[in-house]
1. Quick one: which of 236/260; 282/353; 94/127; 233/329 span more than 30 angstrom between C-alpha atoms?
2. All other residues with a Cβ under 15 Å from the Cβ of residue 247 taken together, and with Lys, Arg as +1 and Asp, Glu as -1, what is their net charge?
3. Which aspartates and glutamates have a Cα lying under 16 Å from the Cα of residue 204, excluding residues fewer than 8 positions away in the same chain?
4. For the stretch 161-255, list log₁₀ I(q)/I(0) at each q in 0.15, 0.17, 0.18, 0.25 Å⁻¹, using the Debye formula over Cα point scatterers of equal strength and ignoring solvent, two decimals each.
5. Anything in the chain that counts as a DSSP H helix reaching 24 Å or more along its axis (C-alpha) with Kyte-Doolittle mean of at least -1.0? List them, would you?
6. Could you check the simple spin-label distance between residue 25 and residue 63, using points 7 Å along Cα→Cβ, in nm with one decimal?
7. Which of the aspartates and glutamates could a cross-linker span from residue 310 if the Cα-Cα distance has to be under 16 Å and same-chain partners fewer than 8 positions apart are dropped?
8. Multiply the residue gap between residue 90 and residue 178 by 0.36 nm, knock off their C-alpha separation, and tell me the result in nm, one decimal place.
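Laboratory data are not the source of any read-out in this text; all were calculated from the coordinates shown. Being a predicted model, the structure only gives us computed values, none of them experimental. Methodologically, a virtual Cβ is constructed for each residue, glycine included, from the backbone with ideal geometry; neighbour enumeration extends over all protein chains shown.
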Amino acid sequence: MRRAIRLALVLVPTMLIVPVVARGEPVAAIVDTNLETGSRQIRQFAFDGDAETFFASKENLGVSDHFTLVFDQPVSVKSIAVVTGKPGPEGTGKLKTGVLEVSTDGTTFTELAKFADGEAREDLQAKSIRAVRIQPTADQEHPLTVREFTIASDPPVARFEYPVEIAVDCSDSPELQEWADKVARLCELWYPRLNEALKSDGYKPASYIKMRISSSYNGVAQAGGGNILGSSKFFKAHPDDVGAMIHETVHIIQHYQSRKNPGWLVEGLADYIRFFLFEPGKIGPINAKRARYDGSYRTTAAFLAYVNDKYDQSLISKLNVLMREGTYKDEVFKELTGKTVQELDEEWRESLKR
Ligand SMILES: [Zn+2]
């Protein structure tokens, strides 16, 4: 039995915070498919600008299946090409019998081209398109492999520069399945932004993340070994605390290997991304009397925001690079701002009293 995977389009608007895209900028896309992912060959690999990576379905392709790319808004399309089948001479997983369909409204589809030798391409004269769909016209005796969608349009459709898929395991607490699916889609949606804030040369973040919701886990949430674990008890009581899962997603992206990185800064930086990028204005009051720069979590996040804004607007990015390299030491605050971390701490605490 295939489990239907309904994706972000329907679910995300109910979940508060969607990244804002300015006019003229590339239009975002999501993958909508009922096909389950096989062997970690995730959906977004089909539109990441890399023809070597590909989506692979777990099970054989049936006539009622589809694989659809949906744009946030209609774009004026000049050409579309879709290549199926694995890279290499055998090209396993090619779509043998099927069509490429397009939709102007994301609901009603019309045929654009037939697949031949696993490929379909068509020129369009600036036709307004909202969605592109791979539609088999007969059952195939193999899974589907989608190497790449190539779309020339105005404005362009943003490819998945940080392809990711978060696989939810809620077997332990099925009552949270819907909630966890929504949160996973939200974390996927934010993945590019989080990664842009924490990018460094040559670093590629994880593309496959497991998110397990457990009834026996007594913490709130944690990340480790590329996986996220959340407490069903906690999230049943605090379903709005999706920022906690963004925080854990940031830990996956941080991917710090060095044991020398101070815990207060690792946590503070994760909360900085959460409270100043994902949910600005939600950090709450910081107690001026008890606050310390190394107070970790939101306290350190507030300290980092102060120093970042006042002294060096690439501070967060630089601290991230140093911790990823394992070369962070407290002296870098002096190097970057001219003041020691203790001096900055005093100044920041003074500012809290005002
Ligand atoms: Zn943490």
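1. Correct reply: 236/260; 233/329.
2. -2
3. Straight-line reach from residue 204, under 16 Å: 48, 50, 52, 161, 165, 188, 196, 325.
4. Log-scaled intensity ratios, in q order: -0.52, -0.66, -0.73, -1.34.
5. Result, helices passing both filters: 177-197.
6. It is 4.4 nm.
7. 335, 343, 345, 346, 347, 350
8. 27.8 nm
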